[in-house]
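The values are calculated or read from the model by the stated rules, or taken from the named source; none is laboratory data. From a predicted model like this one, the values you see are computed outputs, not experimental measurements. Methodologically, a virtual Cβ is constructed for each residue, glycine included, from the backbone with ideal geometry; neighbour enumeration extends over all protein chains shown.
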Amino acid sequence: MIKASGYSSNYQAQSLPVSLSRKACGLYLVLVLLLILPGLTGNTLYAQDTTAIKNKVETNDLKKQHSPHKATIYAMVLPGSGQIYNRKYWKVPIVYAGFATCIYFISTNSKIYRELNDAYQYESVTKKIEYPPIWPNLFHPIPDPPNDWATKGYTEAQLKEGRDEFRRNLEVSYIFTGVWYILTVVDAVVDAHFFDYDISDDLSLQVKPWVPVLGTSTAFGVPSGVNLTLRF
């Protein structure tokens with residue numbers, strides 16, 4: 001936010017738009033949680049369902065192994081295709097919602113940055129040039145303002161500060177776009193590794209009391225314990 005301290009009360013009421021960086025961070029965080037958290041809790045159940053279906057349709061000899069390498073290539077070439085390859089169709093809208101959000105903030109920050117830069121150039125250069133009162137400058141000695149930013153009474157320092165702020169926001173938007181792209185690829189790779197992970201009903205842990213067999217020495221007392229049986 002650009003402060004307007006030191007100016008008249010009417011002028012102080014004017015301010016540049018609030019930075020979009022906070023909104024962007026909030027939306028990016030929500031999208032990351034939607035993409036990552038359901039996968040952490042849903043991979044086990046999905047793997048179990050997938051294993052049950054494949055056991056009914058395919059034999060172990062004809063079973064085709066799911067390839068994380070293919071999922072990586074698909075996700076890198078076309079975002080969302082890795083999720084389709086992993087049969088996580090519900091993640092595709094989240095992937096493209098993230099990219100749509102990134103494009104929105106890139107477009108908005110870029111537009112405001114260009115406008116503020118033009119207004120700053122007008123205030124810092126154009127208005128300081130003394131045009132001679134001759135044709136064609138006889139009736140318009142100073143060129144018209146490039147946009148509304150140059151007509152709202154902002155000072156040269158304010159426009160420069162606003163321009164720099166939205167340039168930083170634009171750079172951050174590009175960074176978030178790259179991070180989101182990497183996250184979509186990583187998500188596809190992780191899901192591909194868990195795709196053939198076998199979690200069947202045979203996997204169980206049994207806890208039973210243990211008692212000694214007949215003939216065990218009881219000179220130091222009657223031994224006892226707990227027997228843990230892991231079946232897989």
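Annotations
- Single residue of Val185, Val190, Val172 found to be touching a residue at least 24 places away in the same chain (Cβ under 8 Å), under 30 Å from Glu115 (Cβ atoms) and not acidic (Asp, Glu): Val172
- Residue under evaluation Ile182, criteria (1) surrounded by 15 or more Cβ atoms within 10 Å (Cβ to Cβ); (2) of a type outside the set (Asp, Glu); (3) in a helix (DSSP H, G or I), criterion not met: (1)
- Scanning segment 80-91 for residues that are surrounded by fewer than 16 Cβ atoms within 10 Å (Cβ to Cβ) and not in a loop (DSSP other than H, G, I, E, B) gives Tyr89, Trp90.
- Residues that are among the hydroxyl-bearing types (Ser, Thr, Tyr) and modelled with pLDDT under 75, drawn from segment 121-176: Tyr131
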